[in-house]
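Undergrad: One structure, as C-alpha cells, below. Some questions next.
The values are calculated or read from the model by the stated rules, or taken from the named source; none is laboratory data. Since we're looking at a predicted model, the values are computed, not measured. No Cβ is skipped: glycine too gets one built from the backbone with ideal geometry, and neighbour counts run over all protein chains shown. To get the accessible areas, we keep the full protein, side chains included, count just its heavy atoms, and leave off ligands, DNA and RNA. Shrake-Rupley method; radii C 1.70, N 1.55, O 1.52, S 1.80 Å.
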Amino acid sequence: MLRQLSHFWLRYIHPRLVTLVATIGIVGLVSCLLILFVLAKLAEEVLEREAFAFDTSFLLWLHQFANPNLDNFMLFITNLGNPSTVIIVAGATFLLLCWRRYREDAKIFVLACLGALILNTGLKLFFSKPRPELWHQLISEKSFSFPSGHALGSMVLYGFIAHELAIHYPQFAKVIYSLAVILIAAIGLSRLYLGVHWPTDIIAGYGVGFLWLMICITMLKLQRFR
C-alpha cells in the first residue's frame, strides 16, 4: 500500500506540485494558503451572522475625517472601480492585447474578468450580508455587501494589467506594481470612507480577488512554458 502511494505521488502529484511551485513560487503559494485560511474564518463568521466589533468602530473612526474636498476625491477614486469604468478599461486592455497579438494573454484576461464577475455575484448572493447604514451616504448601493465587488474587481483588473506591463517592461516592474497596489488600496479605502462596505468586506474582496488573479496568472505562465 505504501509503495503504491509513493508511486502515485512520484508519478502524478509530485511533478505537478513542482511545476506549481516553480510557477508561482514558495512565497506565492504560502500567501495563497494564508489568504485561504483568513477567508475561511471570515466566511464562517458571516454565515453565522456574527458581528465583527472592529467593523463598526473603524468606519465611525474613519468618518470623523470626512469633509467636502475629501468627499469629492473619494468619489473620484471609487469611480475607478465602478462597472462603467471597469468595462471601458477592460475593453481597452483586451483590444490592446489583441492588437499586439498577445492572444493567450487576451484569452486569460477575458477569463479573469468573467471569473471575477461570477465570483462577486455568486458570493454576494450566497452570503447576503447587508451593507452598513451608519450615516447619510453620498452614493446608493443596492447589492449585498460581502465581499466587496470593487475590491475584488480592482484586484483582478488592475492587478492583471500591472502584471502584463511588468512582464513587457521589466525595468519598470517595481514602479508598476507599486502604483497598482496604491490604486487598488485607494479604491478599497474609498468604499470604507463612503460607508458602503464593512472592513471585512474589503478584506474578503481582496482575498478572493488575489487568489483568482494568482490562478489566472499561473495558467498564463503555464501556457508560456508550453
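Undergrad: Scan segment 179-197 and tell me whether some residue there is under 9 Å from the mean Cα position of the chain (by Cα) and among the hydroxyl-bearing types (Ser, Thr, Tyr).
TA: Within segment 179-197, not a single residue is under 9 Å from the mean Cα position of the chain (by Cα) and among the hydroxyl-bearing types (Ser, Thr, Tyr).
Undergrad: Within segment 86-132, how many residues are among the charged types (D, E, K, R) and touching a helix residue (DSSP H, G or I) at 6+ places or on another chain (Cβ under 6 Å)?
TA: Qualifying residue count, segment 86-132: 3.
Undergrad: Hey, another quick one. Assess whether Val156 counts as being of a type in the set (A, V, I, L, M, F, W, C) and either open to solvent by 80 Å² or more (accessible area, probe 1.4 Å) or modelled with pLDDT under 90 (or both).
TA: No; evaluated as a whole, the condition is false for this residue.
Undergrad: Considering segment 103-120 alone, what residues qualify as being in contact (Cβ under 8 Å) with a residue 24 or more places away in the chain and of a type outside the set (A, V, I, L, M, F, W, C)?
TA: Glu104, Asp105, Gly115, Asn120
Undergrad: May I pose another question? Please verify whether Thr218 is surrounded by 20 or more Cβ atoms within 10 Å (Cβ to Cβ) and within 19 Å of Leu34 (Cβ to Cβ), treating the condition exactly as stated.
TA: no
Undergrad: Moving to a separate point now. Would you mind stating whether Ala151 is assigned to a helix (DSSP H, G or I) and surrounded by fewer than 24 Cβ atoms within 10 Å (Cβ to Cβ)?
TA: no
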